[in-house]
Ligand SMILES: Cc1ncc(COP(=O)(O)O)c(C=O)c1O
């Protein structure tokens, strides 16, 4: 197989980790005549077990050996002279911002999506009776920060049921809920339940026209497909590093549009958030979203996240999105019409991406999930939210057409046997 040489400088690394031999770490070069070889080469970068087949990137995405090596190397180096490595955050922020179509001063690192969502929910100036609209399929990491504000500040939560027929249908459902008290609209860019993709640019336009803050929970979109925040036009976007981006666990970030920075009151601040040479006095916040980063951070984790982003760029963001979509559509189509199986993921191409969710007419989610794992070696994710009683599969760079075919065969067997 052809592999990148000097072009992958900084990514290619040694063949052993702590004395354990690992696969060659140079990312493969794409040959349109042999795409399967490319994906096999990508798979070799991930120290994932083959059994069970990992189909839960939407829950937690594995990191490549390149990323793990980076975390280990940076952390070890910093520990040798016990330095924080805080100076590594700025270049990582630049890498991350360029990847998301943002400016470095519009981005801060967080521990996960939930933290980014929480900064927005707690930081916006909202009064009792002000309303926030979001979808009923929101993950607890997206809904709880607002339910908390409902409890703490009397914010009113208004939910809408996602429309599976069209992007316009979702816009209409949001539009119908808007009132003079609506201050915030939030959607999951991609729902964690059935992988529905919301039309975020159109929602941003709707919100902007009404002077409503638009926040995106991007846990499932960052790294699943290209995201250009400047083009979308949202006010804020929270994301996880440890899902589709393939970053280390406990990494994430929050984007706040430059001209909206002051609208989000910092809820957690400290060293690196601002300046105050002497007490008593008034702190002067730094003029960037990084004011929401405070105290000692793991520079190794952040460097690992930047490495994960570089790998995605090298593999090709459009190519990654197309691959995930191809496998998800394969399963979608392969299960259509199977007696006893209902595919819950929307059919229109504009409403779906790299995840497919399906329900068994007779088997509970837990039973189907357990069956797929134990009998067929497939690690999926049960979807119990909103009583959906279904199972979700996520397809990313290390998954193959053969694995998608295995999913189809296994679910067909479940339809027969359960
Ligand atoms: C839509 C959505 N939001 C938030 C989260 C929580 O992410 P994190 O664990 O990074 O906070 C998830 C996790 O699956 C999710 O799917």
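Just so you know, all these numbers are worked out from the coordinates, no wet-lab data involved. Predicted model only: the values in this text are computed from it and were never measured. As a convention, Cβ positions derive from the backbone with ideal geometry for all residues, glycine included, and neighbour counts pool all protein chains shown.
FRET efficiency for the pair residue 77 and residue 265, taken as 1/(1 + (r/R0)^6) with r the Cβ-Cβ distance and R0 = 35 Å, rounds to 0.45. Shown for the chain is the translational diffusion coefficient from the Stokes-Einstein equation, using the Kirkwood radius over Cα pairs, a temperature of 37 °C and a viscosity of 0.692 mPa s: 147 µm²/s. Between residue 284 and residue 408, full extension at 0.36 nm per residue minus the direct alpha carbon distance yields a gain of 38.9 nm. At an R0 of 30 angstrom, the distance between the Cβ atoms of residue 40 and residue 228 translates into a FRET efficiency of 0.50.
Stokes-Einstein diffusion of region 86-312 at 4 °C, 1.567 mPa s viscosity, Kirkwood radius from Cα pairs, rounded to a whole number: 73 µm²/s. In the elastic network of the chain, a GNM with C-alpha springs shorter than 10 Å, the most mobile of 144, 398, 225 is 144. Counting only DSSP beta bridges whose two residues both lie in the chain, roughly 60 percent are antiparallel.
In the chain, helical runs assigned H by DSSP with n ≥ 4 each contribute -39500 (n - 2.57); averaged across all residues and rounded to the nearest 500, the mean residue ellipticity at 222 nm is -11500 deg cm²/dmol. For 362, 297, 210, the sequence from fewest to most other C-beta atoms within 10 Å is 362, 210, 297. Taking the average, over residues, of other Cβ atoms within 10 Å as the packing measure, peptides 165-177, 73-85 rank 165-177, 73-85 from highest down.
Using a cutoff of 8 angstrom between alpha carbon atoms and counting only pairs six or more residues apart, the relative contact order for region 86-312 works out to 27 percent. Applying 1/(1 + (r/R0)^6) with r as the Cβ-Cβ distance of residue 179 and residue 258 and R0 = 35 angstrom yields a FRET efficiency of 0.75. Between residue 416 and residue 249, full extension at 0.36 nm per residue minus the direct alpha carbon distance yields a gain of 56.3 nm. Within the listed set 104, 62, 91, the Gaussian network model of the chain (springs between alpha-carbon atoms below 10 Å) gives the highest mean-square fluctuation for 91.
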